[in-house]
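The values are calculated or read from the model by the stated rules, or taken from the named source; none is laboratory data. This structure is a prediction, so every number in the text was calculated from the model and none was measured. Here the Cβ positions follow ideal geometry from the backbone for every residue, glycine too, while neighbour counts run over all protein chains shown. The protein model used for the area step is the full one, side chains on, heavy atoms only, and it has no ligands, DNA or RNA in it. Shrake-Rupley method; radii C 1.70, N 1.55, O 1.52, S 1.80 Å.
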Amino acid sequence: MNALDVGVYGLGVMGEAFALNLESRGLAVAVYNRTAERTTQFLQGRAKGRRIQGFTDLKEFVRSLSKPRMIVLFVKAGRPVDEVVETLTGMLEKGDIIMDCGNSHYRDSDRRFAELRGRGIRFLGVGVSGGEEGALKGPSMMFGGDFSAYVEAENKIGRAAAVFENSRCVSYFGEGGGGHFVKIVHNGIEYAIMQAIAEAYDYLARGVGLSTGEVGSVFEDWGRGILRSFLLEAAARVLKYIDTETGKPLVELILDEAEQKGTGRWAVEAAMELGVSAPTIAAAVNERTLTTQRILRRPREGVGFNRDKNVEEAVEAARSALLVTTLLSYIQGISLLQAGARIYGFRVSEALRVWRAGCIIRSRIVEELYRELSWSPGDPASVTLDKSIPQIEELMPHWLQFITDASRMRIPTPASMSALSYYLSLRSERLPANLIQGIRDYFGGHMFKRVDREGYFHSDWGRSSE
Ligand SMILES: NC(=O)c1ccc[n+]([C@@H]2O[C@H](COP(=O)([O-])OP(=O)(O)OC[C@H]3O[C@@H](n4cnc5c(N)ncnc54)[C@H](OP(=O)(O)O)[C@@H]3O)[C@@H](O)[C@H]2O)c1
């Protein structure tokens, strides 16, 4: 039997799709899943007639691979990855490659990379974005870990990735957890944009009185311009889909409690740890949490809804808010990428390059940001902000109208509001942090810097003369 090119461990939603993708690019694929029935089902179903060989014995799965072996993991993040890596490592030889393609925390990938290096196994932590369809047709792939393994993986696995203007949406983001760090930032931005889209829907449907389908059509229209994005297109399709059983838009029948798997929270934690302000990402995570805090929710439906307002104006207000909030979410994400780049040594623009196709946040804005950042020298977040300021200022009246109008109607807009205060802070020559510093020094002797002299100072704030 000829040795197989690559092994896929884990036949859940992503593993199955990625195995099929690899096979469609001319690779002979070995597959294994903890629960053997899933492997059998896959072989008898979607994998039938393809160059995909299934194994129920892990040792045989490993033995079937050409050397150095390359094994792609698509298993649940956390302890399962450690368990699988530990078992596999006992069966592998020096130089073999383990690629963890799940949504692992970047610190776990740092640790696994270091541990496996000591044992001669080359580890890659890979952020994969694009959901099931991306995994099947071409995802965006953010690699971190062993560089020599990356070169081999790019050559073999990279052909399964999305392509944008002849360039594969694959890149290397440094040793250890660099790739998973970039994926976490991607997911943080994804949370923020989804929240902003949901706010536009809430305002236009509940506040202005458009039907669900009409909001879907408005989103489709926006998607033909600067706001073109996978997420907006997905939102339009979800809004326009009619449940065949009830004849109602299915989205209206969905319980309004958002779930999360933790990557948004990790983005916020990373921002906090690395000293980066990312309030819109944090607002989106908080809002998802709040939707599930039923015990605190006191419905006040119908208060002050303004169904007589000028619909065109309202649509423009919502469009402007979404555009500006999206831009500011990217700026926060880019700031976080910069902090990661200082640890892992990657180029921020590379993240935008690989996000142009295949991934969930692919959009015209990402394409434009990449174009800008790929040639502009200087601090990427500042470059993006400077480029965005004229547009934000132009849209400011509509954005403010959206926030005040929504607030008057008691419709929450946490993403837009947090983006507004972020922007106002960035545009303030002087912030009231001087008073914070004064109070800190007053009660804790924490000292402060002055604007008129060098050094740190402490005051007794008049206590000695009391
Ligand atoms: N779904 C997405 O859109 C998406 C996108 C990007 C990244 N990801 C990430 O990709 C990974 C896989 O996601 P998925 O959606 O394919 O998940 P899934 O459909 O829930 O499948 C999970 C897989 O993990 C295996 N597994 C769980 N615990 C295990 C353990 N202790 N030992 C061995 N195998 C174990 C399961 O095996 P059994 O069949 O035996 O239970 C199954 O094959 C996750 O980290 C996820 O966050 C998902």
(request) For region 373-466, run through the trypsin sites (Lys or Arg not before Pro) and keep only the ones in DSSP coil with at most 11 other Cβ atoms within 10 Å of their Cβ. (result) 427, 430, 450, 453
(request) Only loop residues by DSSP count here, and only those with at most 11 other Cβ atoms within 10 Å; note down the GluC sites (Glu not before Pro) in region 346-415 that meet that. (result) none
(request) Enumerate the whole-percent occupancy of each 5 Å bin, from 0 to the last occupied one, for all C-alpha pair distances of region 1-47. (result) 5, 23, 36, 23, 12, 2
(request) Provide Rg and Dmax in Å for region 90-190, with only Cα atoms included in the calculation. (result) 13.1, 42
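Just how large is the dipole of the chain about the Cα centre, in debye to the nearest 20, putting +1 at every Lys and Arg Cβ and -1 at every Asp and Glu Cβ?
Using only the charged Cβ atoms, the result is roughly 880 debye.
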(request) Starting from the Cα of residue 448, step 7 Å toward the Cβ, then list every residue of region 425-441 with an amide N under 11 Å from that point. (result) 432-441
(request) For the chain, take the alpha-carbon Rg, divide it by the Kirkwood Rh, and send me Rg/Rh. (result) 1.03
(message) Tell me the net charge near residue 162. Cut-off is 9 Å between Cβ atoms, residue 162 excluded, with +1 for each Lys or Arg and -1 for each Asp or Glu.
(response) +4
(message) What does the extension gain come out to for residue 60 and residue 457, with contour length at 0.36 nm per residue minus their alpha carbon separation?
(response) 136.0 nm
(request) Note down the magnitude of the dipole of region 326-384 about its Cα centre, charges +1 on Lys and Arg C-beta and -1 on Asp and Glu C-beta and zero elsewhere, to the nearest 20 debye. (result) 160 debye
(request) Could you point to the residue in 204, 181, 150 farthest towards the positive end of region 96-242's charge dipole, with +1 and -1 charges on the Cβ of Lys/Arg and Asp/Glu respectively? (result) 150
(message) Keeping all protein chains in place and using 1.4 angstrom, which order do 461, 399 fall into by accessible surface area, from largest down?
(response) 461, 399
(message) Whole-Hz ³J(HN,Hα) for each residue in region 24-34, computed from phi via Karplus 6.51 cos²θ - 1.76 cosθ + 1.60 with θ = phi - 60°, x for glycine and proline: what do you get?
(response) 5, 9, x, 9, 8, 10, 9, 10, 8, 9, 3
(request) Take the alpha-carbon centre of region 27-48, take the same for region 91-110, and report the distance between them in whole Å. (result) 22 Å
(request) Return the whole-Å distance between the Cα centroid of region 229-262 and the Cα centroid of region 309-338. (result) 21 Å
(request) Pull up the cross-link candidates among the lysines for residue 94, meaning alpha carbon to alpha carbon under 23 Å and not fewer than 8 places away within one chain. (result) 59, 67, 156
(request) Jot down the per residue volume, in cubic angstrom and as a whole number, of the convex hull over the alpha-carbon atoms of region 11-105. (result) 97 Å³
(message) Could you compute the net charge surrounding residue 178? Neighbours are other residues with a C-beta less than 14 Å from the C-beta of residue 178; K and R count +1, D and E count -1.
(response) 0
(request) For region 183-426, just the Cα atoms, rotate onto the principal axes and tell me the three extents in Å, largest first. (result) 52, 37, 35
(request) Could you do me a favour and compute the accessible area per residue for the chain, 1.4 Å probe, result in Å²? (result) 47 Å²
(request) Please report the relative contact order for the chain, taking Cα pairs under 8 Å with a sequence separation of at least 6, and give it as a percent rounded to a whole number. (result) 13 percent
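Do you know the relative contact order of region 6-176, to the nearest whole percent, from alpha carbon pairs under 8 angstrom that are 6+ apart?
Averaging sequence separation for qualifying contacts and normalising by length gives 20 percent for region 6-176.
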(request) Using a cut-off of under 20 Å, list every residue of region 127-171 whose amide N is near the label point 7 Å from the Cα of residue 273 along the Cα-to-beta-carbon line. (result) 127-128, 142-146
